[in-house]
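Have a look at this one before I ask anything.
Nothing in this text is a laboratory measurement; each read-out follows from the coordinates by a stated rule. Remember, predicted model here, so these are calculated numbers, not experimental data. So basically every Cβ, Gly included, is an ideal-geometry build from the backbone, and we count neighbours across all protein chains shown.
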Amino acid sequence: MDIRFQTGGPSRWKADVVITFVFEGEGVEEACPVLSQSALWLGIAPAWRDFRGHRDELVMFYGPQAMEISRVLGAGLGRVDKADLTVFRHAVGRAVRLCREYDLATVGLDGASLARVAERMGVALETLTREAVISAFLALYRYERWKSEKSRHDDPRWLALMLEGEFVEDGVRAAARMAEAEAAGIMLARDAANDPANVMTPSAFAEKAREVAVKYGMTLRVLGPSDLESEGMNAYLAVARGSAEEPRMAVVEYVPRGAEGRDPVVLVGKGLCFDSGGISLKPAKGMEEMKGDMSGAAAVLGVMEALGRLAPSCAPKRPVVGIMACAENMPGGHATRPGDIVVAKNGKSVEIVNTDAEGRLVLADALCWAQNVYVPFRLIDIATLTGACAVALGMDAAGLFSSDDALAALLHEAGMNLGERNWRLPLWTDAGLASLKSACADMVNSGRREGGAINAAVFLQQFVKEDVRWAHIDMAAADNAENPINAKGATGFGVRTMLSAVWEDEGDILQ
């Protein structure tokens, strides 16, 4: 689907359907006064008598077929004092899905309606434009790769932002372009996480990273088993030992023009392409979902895709490094056993008391490697790490841990504003280390059940240098969902939040 702009007001707008937004209790003159000046039939459409503007409500209004605008789709937002960006995103998602169901090839967004909604919600028009465009793309996403019968309905060919003025403001155009790039990154991440584990192996993921790097002129390095061994990444290798699929750590480096020599923002993603639990085998029920245990790595690759699409006109001032640590955790004759001890890259010994606490072992070595090779301006890891985080925060939310208050505030604000809900949880180091105490090694890899997400974060903290600005995002409860902008399956969570963090000026990526 292409993004277009139409200017000059309703008399020059043209599309199969125009979407307008309505708060509860509004009439046509209040809801879309500009649109109704051109589509005069809208004011007398009988369906307005039945349309209440309730949240989740959609009504299609029909006018004379010969008119340039012969259909208007009203999307209800509910009470204005209860409406927020999530309500708006879902309204857009429902609306564009209905347009696809009706086989409407060209879709317009009433720009005057967007401006009015932005004002009433207290947000900038650029913000609402960005959310409208990305919501449209994400709502239309489908994963049908393996279905013999595909959907009979094609996506709209284009989505146009319809404006009153003669020109498109730079901020609005930039917001739409940003949304398009973000959506591409999220959809790449969804595809990777939705792919089955017999297809999206560690080697296949590394190849997907290669495709992104080649497409955008980025640098790629892939570390295989011998490389990991020579680097002393024994904790990482311990996880992969039971699988016939070899581990791969893909490193994509993006250096914008003028950023050479500056300390990079480094993103590290957990890439367990399948997690059976190893010898500490998971229950059978729900194990098929463990193909998505590489959603952290997928999100990092999604960030690199978005950056590539934005370049060169919109680029951060620092290099960005995406590290995707991929492996499989399987039982087998060579698998790591509970009670085994490994020495991680930084020299700390770890007693593996639970082979299903594997993600932190992979991340521990990947974090150490990142700090040995680079001097990170910011170091952020993201992982589907602990079920305990879901217990603490509920579904569709991530736990945020950080040793730096400013970085934590940046990530929290970005995530909350962009629809990737997170909440900062404490790094209680003393309690965490007490829980991780081992009788025969520096630490165990899995502590007490109570405070499990905190204990896992404290474990990772032992592999981060004290002077490094580091944050850990535990997205275990947010990697899979179903809602009006997410077809059932992988979410691509984390792409937008981490993309915000690669900009030095407190995440203002539209400047």
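In deg cm²/dmol, rounded to 500, what helix-only [θ] at 222 nm does the chain give when every DSSP H run of at least 4 residues adds -39500 (n - 2.57) and the total is split over its residues?
-11000 deg cm²/dmol
Let me ask you something else. Over the chain, calculate the relative contact order: mean separation of alpha carbon pairs under 8 Å at least 6 apart, over the residue count, as a percent.
Averaging sequence separation for qualifying contacts and normalising by length gives 15 percent for the chain.
Lys/Arg Cβ at +1, Asp/Glu Cβ at -1, dipole of the stretch 104-224 taken about the Cα centre: which of Leu223, Ala136, Gly165 is farthest positive-ward?
Checked the options; the winner is Leu223.
Output the 0 to 90 degree angle, nearest 10, between the alpha-carbon long axis of helix 170-194 and the longest principal axis computed from the alpha carbons of the chain.
50 degrees
On average, how much area does the Cα convex hull of the chain cover when viewed from any direction, in nm²?
For the Cα atoms of the chain, the hull's average projected area reads 24.1 nm².
Angle, helix 405-417 long axis vs. longest principal axis of the chain, Cα atoms, 0 to 90°, nearest 10?
For 405-417 against the chain, the angle is about 40 degrees.
Relative to the Cα centre, what is the charge dipole magnitude of the chain, using +1 at the beta carbon of each Lys and Arg, -1 at the beta carbon of each Asp and Glu, and rounding to the nearest 20 debye?
The dipole of the chain has a size of about 560 debye.
Mind checking the dipole of the stretch 16-82: about its Cα centre, +1 per Lys or Arg Cβ, -1 per Asp or Glu Cβ, Debye to the nearest 20?
100 debye
Cα atoms only, the stretch 323-369: Rg and Dmax in Å?
Looking at the stretch 323-369, its Cα Rg and Dmax stand at 10.9, 29 Å.
Further, regarding this structure: Might you report the magnitude of the Cβ-based charge dipole of the stretch 2-164 about its Cα centre, with Lys and Arg at +1 and Asp and Glu at -1, to the nearest 20 debye?
Approximately 440 debye in magnitude.
Provide the packing ranking of 318-325, 69-76, i.e. peptides ordered by the mean count of other C-beta atoms within 10 Å per residue, highest first.
Ranked by mean Cβ neighbours within 10 Å, highest first: 318-325, 69-76.
Just order 155-165, 91-101 by mean Cβ neighbour count inside 10 Å, highest at the front, would you?
Ranking the peptides 155-165, 91-101 by packing returns 91-101, 155-165.
Can you give me the angle between helix 295-310 and the longest principal axis of the chain, using Cα atoms only, in degrees from 0 to 90, rounded to the nearest 10?
Approximately 50 degrees, to the nearest 10.
Here's another thing I want to ask about it. Tell me, in nm to one decimal, what length is gained between Trp423 and Tyr102 on full extension, where the rule is 0.36 nm per residue of separation less the Cα-Cα distance?
The span from Trp423 to Tyr102 would gain 111.6 nm if fully extended.
Please sort 248-259, 394-405, 269-280, 77-88 by packing, taking for each peptide the average over its residues of neighbouring beta carbons within 10 angstrom, highest first.
My ranking of the peptides, most packed first, is 269-280, 248-259, 394-405, 77-88.
Continuing with the same structure: So if I take the centroid of the Cα atoms in the stretch 15-29 and the same for the stretch 424-482, what is the distance between those two points in Å?
That distance is 49 Å.
Further, regarding this structure: Which of the listed residues, Ala390, Leu361, Ser243, is farthest toward the dipole's positive end in the chain, when Lys, Arg count +1 and Asp, Glu count -1 at the beta-carbon?
With unit charges placed on the Cβ atoms, the residue in question is Ser243.
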